[in-house]
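Read the structure below first, then the notes.
Where a number appears in this text, it was derived from the coordinates with a stated rule and is not lab data. Given the structure is predicted, the values throughout are model-derived calculations rather than measurements. Note that each Cβ is placed from the backbone with ideal geometry, even for glycine, and that neighbours are counted across all protein chains shown.
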Amino acid sequence: MGAVGAATAMALLARARIFELTLVNRNRARAKGVATDMRYGAPLSGPITVTDGDYGDLAGAAAVIVTAGINEKAGGATDRSDPAGRLRLLGANIKVYEEIVPPIVAAAPDAVIVVATDPPDPLVDIARRLASHERVMGTGTYLDSLRFRVHLAQRLGLSAASVEAYVVGEHGTSSVFLWSLVKVGGRSIAKIVAERDIPFDDFRRAVERDVRYANISIIEGIGASQYGIGVVTARLAEAIVADERAVFPVGSHIARFGVALSLPSVVGHNGVLDVLTPDMSDEEIRSLEQSAEKLRDALAKYPTAG
């Protein structure tokens, strides 16, 4: 029930598409306080029950969202020039996961585990090892993709809802922007930018910079990046609970790469049901392979973890 956990819980309450929400925190008093505060607003939402609890109260859960861990500000991952980025938090957050994933699995062995802690990609693999099952997925590049759409739309004077754009790979400094697949109304972004006499390379660099370091800009303002990821995580929980089989760019273990990373994926009751590899350019494929290599190298530093 830190910044991301509380934001996710609030998004679930506001969206009102689930019926039971249990909040667990190492300090039970905080979980109780957040749950109590939220319950007072619940009558204005849908029929949702919000309670505080312990691991045992997760029994029967369809999804367990893990937001615990050291965040970017506390973990010193807010330097735009640091190539490690969020991966700097991995060692500390592996220890957190080693403490909390086993009791989650003991209480809710059939639940999908949703990793929202940074860095989510390698922590998906850590959680898989600890859980001894494949129903583990991460928020991955879902938020990056939304940020990509927002910054494209702002520059073009459009609604972000009308922009189709994906970021894949690592949720971090090696993320891959699939420019070859960006479409608005079925038209390629390159043609739209050219028609407006905007230098494409400058446009591309500016958008990627804004998206890649959006989290740091947010942290500089409010201390934690929480609301966007809260809404994203809530949306994934909804898709799992309702078995929607909707497609999102989320993280899961990809055998081809030997590591967890994000690709457009079908999400339903058992988590990631299928992975849809996009038709990427040669440059994008190489970048994705480099992103996977970076994630493999990060995990290799902790061979006994999990």
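The slack between Y302 and D202, meaning 0.36 nm per residue of separation minus the straight C-alpha distance, is 32.1 nm. Counting only DSSP beta bridges whose two residues both lie in the chain, roughly 65 percent are antiparallel. Computed from backbone phi with θ = phi - 60° and the Karplus coefficients 6.51, -1.76 and 1.60, the 3J(HN,Hα) list for region 96-112 is 4, 5, 5, 7, 9, 5, x, x, 5, 5, 4, 7, 10, x, 9, 6, 7 Hz; x is used for glycine and proline.
As a rough footprinting exposure proxy, the listed residues F19, F203, F248, F148 were ranked by other beta carbons within 10 Å of their own, and the order from fewest upward is F19, F203, F248, F148. Amide H contacts under 5 Å for V259: I254, restricted to partners 5 or more places along the chain or on a different chain, H placed in the peptide plane at 1.01 Å from N. For region 58-84 versus region 134-159, the inter-centroid distance based on Cα atoms is 18 Å. Rounded to the nearest 0.05, the FRET efficiency derived from the C-beta distance between A74 and D110 at R0 = 30 Å is 0.35. Taking 0.36 nm per residue of separation and subtracting the Cα-Cα distance, full extension of the segment from D279 to D57 would add 75.6 nm.
Fewest neighbouring Cβ atoms within 10 Å first, the residues R17, R245 line up as R245, R17.
Just report the Cα centroid separation between region 176-194 and region 231-288, whole Å. Cα centres, region 176-194 to region 231-288: 21 Å. Residue by residue, region 19-27 carries 3J(HN,Hα) couplings of 10, 9, 10, 10, 9, 10, 9, 4, 9 Hz when phi is fed to the Karplus relation 6.51 cos²θ - 1.76 cosθ + 1.60 (θ = phi - 60°); x denotes Gly or Pro. Considering only P43, A106, S81, and ranking their Cα positions along the charge dipole of the chain that arises from unit charges at the beta-carbon of Lys, Arg, Asp and Glu, the one farthest toward the positive end is P43. Taking 45 Å as R0, compute the FRET efficiency from the Cβ-Cβ separation of A160 and D37 and round it to 0.05. Efficiency at R0 = 45 Å is approximately 0.90.
Full extension of the chain between T49 and K183 yields a length gain of 44.2 nm, computed as 0.36 nm times the residue separation minus the alpha carbon distance.
How large is the helix-only mean residue ellipticity at 222 nm for the chain, computed as the sum of -39500 (n - 2.57) over DSSP H runs with n ≥ 4, divided by its residue count, in deg cm²/dmol to the nearest 500? It would help to have the intermediate numbers written out before the result.
Values: 10 runs with 135 residues, N = 306.
Taking each H run of at least 4 residues, the total per residue is -14000 deg cm²/dmol.
For region 3-140, a crude dipole built from +1 on the beta carbon of Lys and Arg and -1 on the beta carbon of Asp and Glu, taken about the Cα centre, is about 240 debye to the nearest 20. Between D82 and A246, the modelled label-to-label distance comes to 3.3 nm, taking each label 7 Å out from Cα in the direction of the beta carbon. Match the structure shown to one of the listed values [x] 29, 43, 18, 10, 1; [y] 34, 58, 8; [z] 33, 51, 15, 1 of P(r) over Cα pairs in 20 Å bins from 0, in percent, computed from it, and give that label. This structure yields the entry labelled [y].
In order along region 279-287, the Karplus-derived 3J(HN,Hα) couplings, from 6.51 cos²θ - 1.76 cosθ + 1.60 at θ = phi - 60°, round to 7, 9, 6, 4, 5, 5, 4, 4, 5 Hz, and Gly and Pro are given as x. For region 201-306, a/c is less than 1.5, where a ≥ b ≥ c are the root eigenvalues of the C-alpha gyration tensor. That puts it in the rounded class.
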